[in-house]
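Down below is the structure, laid out as structure tokens.
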Amino acid sequence: MNRAKLVAKLKLSEADLEAIQQSVQEAEKHTNGEIALAAAPESSDYSFFELFVSVILGAVTFALLLPFYGQVVSLIDRQFWHVPSWYIPAFYGTVTFAVIALTFLFANIPAIDRLVVPRAARRKAVYERALRHFVESGVYGTRDHTGILIFISLLEHEVRIVADSGINAKIDQAEWDHIAALVASGLKNGNTAGALSAAVTKCGKLLADHFPAKTENPNELSDGLVLLEAGK
């Protein structure tokens, strides 16, 4: 999914992205903490689960066809002058393969993917993808370890907030989970920009209470919403 499609899926405009960036800049004026935001189309390709379900459905289809062997032979016999012995296994193999291929194709539709992939696996993938971006983007490496990441994974309908060690020592994760739930609600209602701006403001207030701005307060991270490509 390219940037334009992801922005459209998030129901954001370029003006919204600018407003979110300004919200981060305003929030960081009052704190030594750093607030980073990122959104990804999905946190994993989930190909194992998609293929597993496809193979299972293929096997079920093959098993359901077995009791109708006689009818299948009669049907094929009516279509051809001579039916070689390999026609029947070829028919069963073709139908089974077709079911596997079509199921795998449709399993890539987000709504079906959410049904196919266990919730625990989706949550684990989002958590690991958020942690990966937390490290790769440098949020973990701020001077005073006071960086947080608000991470959105679109396919899974999940929002995670990951805080660095300096913050976790003073602010409970439950606070961030509550803000993440507010962002998720905004995404569901089509108010992504408003929800993210409100979340940034709430995060800024929490950080300002525990990590007020110092005389020297460099901007160590990008202020805007980072849009990630699938698989990156």
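For Val95, indicate whether it is at pLDDT 80 or above and farther than 30 Å from Tyr46 by Cα. The answer is no for Val95.
Considering only the range 137-154, state which residues are open to solvent by less than 10 Å² (accessible area, probe 1.4 Å) and outside any helix (DSSP H, G or I). Please lay out each step first, then the result.
Going through the range 137-154, the residues open to solvent by less than 10 Å² (accessible area, probe 1.4 Å) turn out to be 139, 142, 146-153.
Correct list: Thr142, Thr146, Gly147, Ile148, Leu149, Ile150, Phe151, Ile152, Ser153.
All of Phe80, Phe106, Phe134, Phe91 fail the test of being in contact with a helix residue (DSSP H, G or I) (Cβ under 7 Å, 6 or more places away or on another chain) and open to solvent by 80 Å² or more (accessible area, probe 1.4 Å), apart from Phe106.
Screening Val162 with (1) free of Cβ contacts under 8 Å to residues at least 40 places away in the same chain; (2) part of a helix (DSSP H, G or I); (3) of a type in the set (A, V, I, L, M) gives one miss only, at (2).
Quick check on Glu128: is it within 13 Å of the chain's Cα centre (by Cα), part of a helix (DSSP H, G or I), over 30 Å from Pro212 (Cβ atoms) and charged (D, E, K, R)? Talk me through it step by step, then tell me what you get.
Numbers: within 13 Å of the chain's Cα centre (by Cα): yes; part of a helix (DSSP H, G or I): yes; over 30 Å from Pro212 (Cβ atoms): yes; charged (D, E, K, R): yes.
Spelling it out, Glu128 is indeed within 13 Å of the chain's Cα centre (by Cα), part of a helix (DSSP H, G or I), over 30 Å from Pro212 (Cβ atoms) and charged (D, E, K, R).
Only one entry in Val7, Val24 is of a type in the set (Val, Ile, Thr), closer than 20 Å to Leu155 by Cα and assigned to a helix (DSSP H, G or I), namely Val7. The C-beta contact set for the range 50-71 (first residue in contact (Cβ under 8 Å) with a residue 40 or more places away in the chain and open to solvent by 80 Å² or more (accessible area, probe 1.4 Å), second residue part of a helix (DSSP H, G or I) and of a type outside the set (A, V, I, L, M, F, W, C), distance under 9 angstrom, 6+ apart or interchain) is empty. Close Cβ contacts (under 6 Å, 6 or more residues apart or on different chains) running from residues in the range 87-104 that are touching a residue at least 12 places away in the same chain (Cβ under 8 Å) and under 18 Å from Phe52 (Cα atoms) to residues that are aromatic (Phe, Trp, Tyr) and open to solvent by 40 Å² or more (accessible area, probe 1.4 Å) comprise Thr96/Phe62.
Within the range 172-190, if we keep just the residues that are under 16 Å from the mean Cα position of the chain (by Cα) and among the aliphatic types (A, V, I, L, M), the residue that is most open to solvent (accessible area, probe 1.4 Å) turns out to be Ala181.
Assess whether Arg129 counts as being in contact (Cβ under 8 Å) with a residue 40 or more places away in the chain and either in contact with a Cys (Cβ under 7 Å, 6 or more places away or on another chain) or not hydroxyl-bearing (Ser, Thr, Tyr) (or both). Outline the logic, then answer.
Details: in contact (Cβ under 8 Å) with a residue 40 or more places away in the chain: yes; either in contact with a Cys (Cβ under 7 Å, 6 or more places away or on another chain) or not hydroxyl-bearing (Ser, Thr, Tyr) (or both): yes.
Judged against the criteria, Arg129 is a match.
Scanning the range 32-48 for residues that are modelled with pLDDT of 95 or more and either exposed (fewer than 13 other Cβ atoms within 10 Å of the Cβ) or assigned to a helix (DSSP H, G or I) (or both) yields a count of 0.
The values are calculated or read from the model by the stated rules, or taken from the named source; none is laboratory data. Treat the numbers as computed from the prediction; the structure is a model and nothing was measured. Here Cβ is always computed from backbone atoms with ideal geometry, including for glycine, and neighbour counts include all displayed protein chains. Ligands, DNA and RNA are stripped out before the accessible areas are found, and what is left, the full protein with its side chains, is counted by its heavy atoms. Shrake-Rupley method; radii C 1.70, N 1.55, O 1.52, S 1.80 Å.
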